[in-house]
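Report on the following structure.
The values are calculated or read from the model by the stated rules, or taken from the named source; none is laboratory data. Computed from a prediction, not measured in an experiment: that's the story for all the values here. Glycine also receives a Cβ, built like all others from the backbone with ideal geometry; neighbour counts cover every protein chain displayed. We work out accessible area using only protein heavy atoms, side chains counted, and drop any ligands, DNA or RNA first. Shrake-Rupley method; radii C 1.70, N 1.55, O 1.52, S 1.80 Å.
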Amino acid sequence: METEKLWQQFKKKLAEVGDFEELEKLRVEFLGRKGKINQLFQKVTSLPPEKRKEFGQEVNRLKGKIQKAFLSRERKIKASLERNLTGKKIDISLPGKEVSLGHIHPITQMKWEVADIFQRMGFEVLEPQEVTTDYDNFTALNIPPDHPARDMWDTFWTKEGYIPITHTSSMQNWIYRHRHPPIRAVVIGRCFRNEATDMGHEHTFHQIEGVYVDKGITVANLIETMRVFFSEFFGKELRAKVRPSYFPFVEPGLELAIECVLCGGKGCSVCKQSGWLEILGCGQIHPRVLEEGGIDSKKYTGFAWGMGLERMIMLRMGIEDIRHFHSGDLRFIRKF
Ligand code: FA5
């Protein structure tokens with residue numbers, strides 16, 4: 001009998017079904033609009049009239065049986081799924097696996113903090129172009145080719161004659177050309193020097209450059225700006241002082257020292273008993289540097305400074321070796 005054959009065929013296939021997806025495929029094959037059951041129904045019209053009723057009833061019975069079998073299989077699959085989900089016993093008293101979260105690198109944290117302080121003081125914060133020209137890194141800063149002061153910066157060169165910046169002063173000329181006085185800008189970014197590393201020196205480190213150009217700007221403004229910044233950064237009122245130094249792009253060139261943040265000016269091993277920490281190079285911007293940037297040096301004056309970010313973090317956090325920052329040593333990084 002045709003219906004019996006189909007039933008056997010269906011049962012065999014149903015036994016092989018493992019999940020809802022397979023079950024649905026089987027449903028379409030047998031009960032779908034163009035499925036096997038409907039194909040049987042269509043045969044009714046080709047039968048002699050006396051056989052039609054009986055055949056029709058038989059196909060209907062088969063359809064009912066198949067529908068029932070589907071429902072029962074569906075229930076079984078559902079039950080087995082639930083068993084799999086809840087069947088495993090969970091011991092909620094066991095200690096969980098520790099999830100270790102990463103965090104922002106200390107240098108980035110401090111970059112953001114420094115940027116925030118200067119922004120609150122009215123400075124715009126910029127990032128340097130990391131590879132630049134000889135002109136921007138030296139010539140525009142009153143350091144022409146063959147000037148002996150070039151030796152102050154151990155420089156890497158690319159094959160094409162470009163320079164991975166040795167200091168963030170490399171951005172000064174760009175700032176003067178793209179801004180109009182009053183200019184208050186800070187550049188925070190990586191610098192690269194072709195020098196041997198030790199506890200206080202890295203080949204790659206960060207500098208914070210600042211320039212302030214307006215009418216009547218003097219060294220007094222410079223000292224006060226730096227004093228306010230360092231007091232904010234170290235979280236206590238600090239004194240600041242300057243002494244003469246030399247950089248070709250400032251005149252007078254100065255070195256700024258702040259009261260030792262560790263001993264409060266009494267004298268300790270970090271400040272070499274002097275009570276002061278020399279922390280950055282600075283000075284009044286050389287008129288030639290302003291003119292090179294298109295600024296009238298008879299009308300405007302300004303100051304500039306450049307300091308090392310890592311050295312400031314070391315002072316604040318009591319870190320003794322600059323090389324820890326890029327060592328990739330997680331014991332160091334996790335302290336922050
Ligand atoms: C300069 O680079 C000048 N451009 C700073 C400046 C800007 C002076 C504007 C005047 C006006 P110097 O080479 O001293 O100066 O570097 C400035 C600071 O960068 C240093 O005080 C130090 O904190 C940091 N620094 C320099 N070399 C290294 C190094 N190899 N590793 C880590 N920090 C460094």
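In the set Val270, Val213, Val250, Val289, only one residue is within 30 Å of His105 (Cα to Cα) and among the aliphatic types (A, V, I, L, M); that residue is Val270.
Looking at Glu24, Glu58, Glu113, just one residue is in a helix (DSSP H, G or I), open to solvent by 50 Å² or more (accessible area, probe 1.4 Å) and over 30 Å from Ser327 (Cα atoms), and that residue is Glu24.
The residue that is nearest to the ligand (Cβ to nearest atom), counting only those in region 212-221 that are open to solvent by 50 Å² or more (accessible area, probe 1.4 Å) and out of contact with any Ser or Thr (no Cβ under 8 Å at 6 or more places or on another chain), is Asn221. The condition (being surrounded by fewer than 16 Cβ atoms within 10 Å (Cβ to Cβ) and within 10 Å of the ligand (Cβ to nearest atom)) is satisfied by just one residue among Glu195, Glu224, Glu209, Glu237: Glu195. Of all the criteria given as (1) outside the structural domain of Gly293 (by TED's automatic domain parsing); (2) of a type outside the set (Phe, Trp, Tyr); (3) surrounded by 17 or more Cβ atoms within 10 Å (Cβ to Cβ), the one not satisfied by Glu98 is (3). Within region 199-227, the set of residues being in contact (Cβ under 8 Å) with a residue 12 or more places away in the chain, under 29 Å from the mean Cα position of the chain (by Cα) and more than 14 Å from Val289 (Cβ to Cβ) comprises Met199, Gly200, His201, Glu202, Thr204, Phe205, His206, Gln207, Ile208, Gly210, Met226. In region 139-190, what count of residues is obtained for those that are away from the ligand (no atom under 13 Å from the Cβ), open to solvent by 80 Å² or more (accessible area, probe 1.4 Å) and touching a residue at least 40 places away in the same chain (Cβ under 8 Å)? Residues in region 139-190 being away from the ligand (no atom under 13 Å from the Cβ), open to solvent by 80 Å² or more (accessible area, probe 1.4 Å) and touching a residue at least 40 places away in the same chain (Cβ under 8 Å): 3 in total. Evaluating His326 against the criteria (1) within 18 Å of Gly210 (Cα to Cα); (2) not in a helix (DSSP H, G or I) leaves one unmet condition, (1).
Restricting attention to region 261-280 and to residues that are closer than 27 Å to Thr218 by Cα, in contact with a helix residue (DSSP H, G or I) (Cβ under 9 Å, 6 or more places away or on another chain) and not β-branched (Val, Ile, Thr), the residue that is farthest from the ligand (Cβ to nearest atom) turns out to be Leu277. Just one of Glu310, Glu251, Glu291, Glu320 is without any contact (Cβ under 8 Å) to a residue 12 or more places away in the chain and of a type in the set (Asp, Glu); which is it? Answer to the check: Glu291. The residue that is surrounded by the fewest Cβ atoms within 10 Å (Cβ to Cβ), counting only those in region 306-317 that are assigned to a helix (DSSP H, G or I) and among the hydrophobic types (A, V, I, L, M, F, W, C), is Met317.
Would you be able to tell me the number of residues in region 318-336 that are open to solvent by less than 80 Å² (accessible area, probe 1.4 Å) and within 23 Å of Gly281 (Cβ to Cβ)? Final tally of qualifying residues: 4. Looking at region 301-336, which of its residues are of a type in the set (Phe, Trp, Tyr) and under 29 Å from Arg227 (Cβ atoms)? The answer is Phe303, Trp305, Phe325, Phe336. Scanning region 292-305 for residues that are open to solvent by 20 Å² or more (accessible area, probe 1.4 Å) and in contact with a helix residue (DSSP H, G or I) (Cβ under 9 Å, 6 or more places away or on another chain) turns up Glu292, Gly294, Asp296, Ser297, Lys298, Tyr300, Thr301.
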